[in-house]
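Colleague: Here you go, one structure.
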Amino acid sequence: MRRTVTRGGKLRKAGQTASDGLAALWLLLPYGTLFSLFIAVPVAMSIGLSLTYFNVIQAPEFSGFGNYITMLTQDDVFFKNILPNTIQFALIVGPGGYVLSFLLAWTLAQIQPAPRTVIALALYTPSMAGGVFISIIWRTLFSGNQNGYINALLLQHNLIEKPLQFLQEPAYLLNIMIFVALWSSMGIGFLAMLAGILNVNDEIYEAAYIDGLRNRFQEIIYVTIPSLKPQMLFGAVMAIVGAFNNGTIGVALSGANPTPQYSGSLILNHIEDYAFQRYEMGYAAALSVALLGIVWLFSKIAYKLFGEKE
């Protein structure tokens, strides 16, 4: 009798476990479907296509690691211009925009709600309408004739003799791109940090001051940042992805892809050049995989810095 009850109990427990597992599967199904369609499948297709020669017209031909060998040994533009531009741009815009987002979020958290909302919206807007602002405002400001505002100002004060070609000269273009990217870097990561700061429990600050906290700098280091690890991690990942995938600025400013003498071309521009102008889809896919690897590497660093320690 006991054996039957025990066995029945085990069967009921096993049935409950199976039911819970099925319910969890149904709950994960929408996410799994979207993840597969928009991330897993495209990444797998890109990796597969990177191992082929594909010119859009003919069927893909398997070439092994030929595209990667070409990238490492024959693509002089990639190593002389594209990769250095991308690293310089990402190392300045990524950490710079990230720190700027945190500082502005912390500053806004100290003021009243009404002006905070207006200023936060003003800071966030460029990240949504960056292409429009670049085309209308920044190209007008840096226009290479006397009608450009900056050239007009310099000519008016006799600082230059003729207009400077800001958007066509290699000496200026990348620096202008970095400036514009920092200006438009207050995106969703900035809003996440602002929301996180506003929701830190005031009792934590009070307890910290009782324990010996002395100033606002210590407050940021020992209370605010440790309390914002999820938001800081999210902001770091978004900053990394945005910095490495921001290929529209140089093209919008200079009006061409590739940019003049590749001075403002990033990896994303190199991918678009080979994919949609030269129709070398296999090589473009290999560049995409390389970009994915770089973003993944820097994302792992961000997880090490701001992820939860086990």
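Every number in this text was worked out from the coordinates using simple rules, so none of it is lab data. Since the structure is predicted, the reported quantities are computational estimates derived from the model, not experimental observations. Heads up, the Cβs are rebuilt from the backbone with ideal geometry, glycines too, and the neighbour counts pull from every protein chain shown.
Colleague: Given the options Leu173, Leu167, name the one that is crowded, with 18+ Cβ neighbours inside 10 Å, under 26 Å from the mean Cα position of the chain (by Cα) and over 25 Å from Val99 (Cβ atoms). Show your work before the answer.
Modeller: Values: Leu173 fails: over 25 Å from Val99 (Cβ atoms).
Result of the check over Leu173, Leu167: Leu167.
Colleague: What number of residues in region 191-203 are in contact with a Gly (Cβ under 7 Å, 6 or more places away or on another chain) and either touching a residue at least 60 places away in the same chain (Cβ under 8 Å) or crowded, with 21+ Cβ neighbours inside 10 Å (or both)? Spell out how you get there, then give the answer.
Modeller: Here is the first cut: in region 191-203, the residues in contact with a Gly (Cβ under 7 Å, 6 or more places away or on another chain) are 192-193.
Cutting the leftovers down to either touching a residue at least 60 places away in the same chain (Cβ under 8 Å) or crowded, with 21+ Cβ neighbours inside 10 Å (or both) gives us 193.
Residues meeting the conditions: 1.
Colleague: Residues that are on the phi > 0 side of the Ramachandran plot, without any contact (Cβ under 8 Å) to a residue 40 or more places away in the chain and assigned to a loop (DSSP other than H, G, I, E, B): does region 204-224 have at least one?
Modeller: The answer is yes; a qualifying residue exists.
Colleague: Something else now. For region 232-268, which positions are without any contact (Cβ under 8 Å) to a residue 40 or more places away in the chain and of a type in the set (S, T, N, Q)?
Modeller: Answer for region 232-268, where residues must be without any contact (Cβ under 8 Å) to a residue 40 or more places away in the chain and of a type in the set (S, T, N, Q): just Asn257.
Colleague: Scan region 219-235 and give yes if some residue there is small (Gly, Ala, Ser), surrounded by 21 or more Cβ atoms within 10 Å (Cβ to Cβ) and closer than 30 Å to Val200 by Cβ, otherwise no.
Modeller: yes
Colleague: Determine whether region 46-62 contains at least one residue that is out of contact with any Asp or Glu (no Cβ under 6 Å at 6 or more places or on another chain), outside any loop (DSSP other than H, G, I, E, B) and under 30 Å from Phe306 (Cβ atoms).
Modeller: Yes, that holds for at least one residue.
Colleague: Are any residues in region 141-190 without any contact (Cβ under 8 Å) to a residue 24 or more places away in the chain and of a type in the set (D, E, K, R), and if so, which ones?
Modeller: Glu161, Lys162 - these are the residues of region 141-190 that are without any contact (Cβ under 8 Å) to a residue 24 or more places away in the chain and of a type in the set (D, E, K, R).
Colleague: Of the numbered conditions (1) over 16 Å from Gly94 (Cα atoms); (2) among the aliphatic types (A, V, I, L, M); (3) crowded, with 20+ Cβ neighbours inside 10 Å, Ala275 satisfies every one except a single condition; which is it?
Modeller: Against the list (1) over 16 Å from Gly94 (Cα atoms); (2) among the aliphatic types (A, V, I, L, M); (3) crowded, with 20+ Cβ neighbours inside 10 Å, Ala275 comes up short only on (3).
Colleague: Can you tell me which of Leu182, Leu164, Leu191, Leu154 is in a helix (DSSP H, G or I) and more than 27 Å from Leu104 (Cα to Cα)?
Modeller: Leu154
Colleague: Could you say whether any residue in region 239-260 is touching a Lys or Arg at 6+ places or on another chain (Cβ under 9 Å), in a helix (DSSP H, G or I) and among the aliphatic types (A, V, I, L, M)?
Modeller: Yes, that holds for at least one residue.
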